[in-house]
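Data first, discussion second: the structure below is written as structure tokens.
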Amino acid sequence: DMTYIVQRASGRVAVPWRNGMGMQYEIIADGPPPDGWSWRLSVAEISHDVPFSTFAGVSREFCVAIGNGVVLTIDGEPIRCDPGSITTFDGGATVRASIVDGPTSDVNLMVRHGSLPRHLSVHRSNERVNRVEALVAIVGGAGVRVDGEILELEVLDALLHLGQGEILITHGVVAVVR
């Protein structure tokens, strides 16, 4: 049997960004803040145009979960990030976020260079995923089947510590770390 934790978004605590310019909600990390981890997953709230904190030596992956999108200007190059898309960049880059028609909540994966690679991927209804470290409902709620049980997730709710078993997305959209 798979053991897992359902983490509700409503129970997370807001923490300021490293640069103080925004708020984040940690989902999971394999060590303590600020720098005791090799990987961490969080939700960032972006309510206005703002620079990102720099994290040298860290790979970052960014996925818009709620809202109409963000333009990330990464070392001078603008990249449009639509809901459910994943944008990868170096944590040491100079990054500015500009919101597209209103605030967003965004799933943010950070992985230190030299540690075990982990990546975000987006999955939809009737897709199956396995070897999942964490799963987050994005772009609305989602349903997933784990060990024969259907779990209903509100947007930004997470499943953690899923291990080796297979998960079926019954409806909605999820972002997965594996």
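Put simply, the amide H of residue 113, placed in the peptide plane, has neighbours under 5 Å in 58, 59, leaving out anything fewer than 5 places away on its chain. Per residue, the accessible area of the range 113-178 comes to 45 Å² when a 1.4 Å probe rolls over the protein heavy atoms. Computed from the alpha carbon positions, the gyration tensor of the range 1-151 leads to an equivalent ellipsoid with semi-axes of 25, 18, 15 Å, biggest first. A simple count of charges around residue 89, restricted to other residues whose Cβ falls under 11 Å of its Cβ and scoring Lys, Arg +1 and Asp, Glu -1, yields -3. Once the Cα-Cα distance is subtracted from the 0.36 nm per residue extended length, the residue 178 to residue 5 segment shows a gain of 60.7 nm. Amide H contacts of residue 79 (H built 1.01 Å from N, in plane; Pro and chain starts excluded): 72, 73, 74 sit under 5 Å, all sequence-distant by 5 or more or on other chains. Largest first and in whole Å, the equivalent-ellipsoid semi-axes of the range 73-178 read 27, 18, 10, each the square root of five times a Cα gyration tensor eigenvalue.
Counting Lys and Arg as +1 and Asp and Glu as -1 over every other residue whose Cβ lies under 10 Å from the Cβ of residue 132, the net charge comes to 0.
Using the Cβ of residue 7 as centre and a radius below 12 Å, the other residues enclosed give a net charge of -1, where K and R count +1 and D and E count -1. Between the alpha-carbon centres of the range 1-54 and the range 70-85 there is a gap of 20 Å.
What Kirkwood hydrodynamic radius, in Å, does the range 14-93 give when the mean of 1/r is taken over all pairs of distinct Cα atoms and then inverted? So the Kirkwood estimate lands at 13.4 Å. Residue by residue, the range 131-145 carries 3J(HN,Hα) couplings of 6, 8, 8, 7, 9, 10, 6, 10, 6, x, x, 8, x, 9, 10 Hz when phi is fed to the Karplus relation 6.51 cos²θ - 1.76 cosθ + 1.60 (θ = phi - 60°); x denotes Gly or Pro.
In the range 4-101, the portion of solvent-accessible area held by carbon and sulfur atoms comes to 54 percent [1.4 Å probe, whole percent, DNA, RNA and ligands not counted]. On the range 106-178, 48 percent of the accessible area sits on carbon and sulfur atoms, based on a 1.4 Å probe.
In the full protein context, the range 1-109 carries 46 Å² of accessible surface per residue, based on a 1.4 Å probe and ignoring ligands, DNA and RNA.
The values are calculated or read from the model by the stated rules, or taken from the named source; none is laboratory data. Note that the structure is a prediction, hence the values are computed from the model and not measured. Quick reminder, even Gly has a Cβ in these numbers, built from the backbone with ideal geometry, and neighbours come from all protein chains shown. Please note that ligands, DNA and RNA were not included when accessible areas were found on the heavy atoms of the full protein model with its side chains. Shrake-Rupley method; radii C 1.70, N 1.55, O 1.52, S 1.80 Å.
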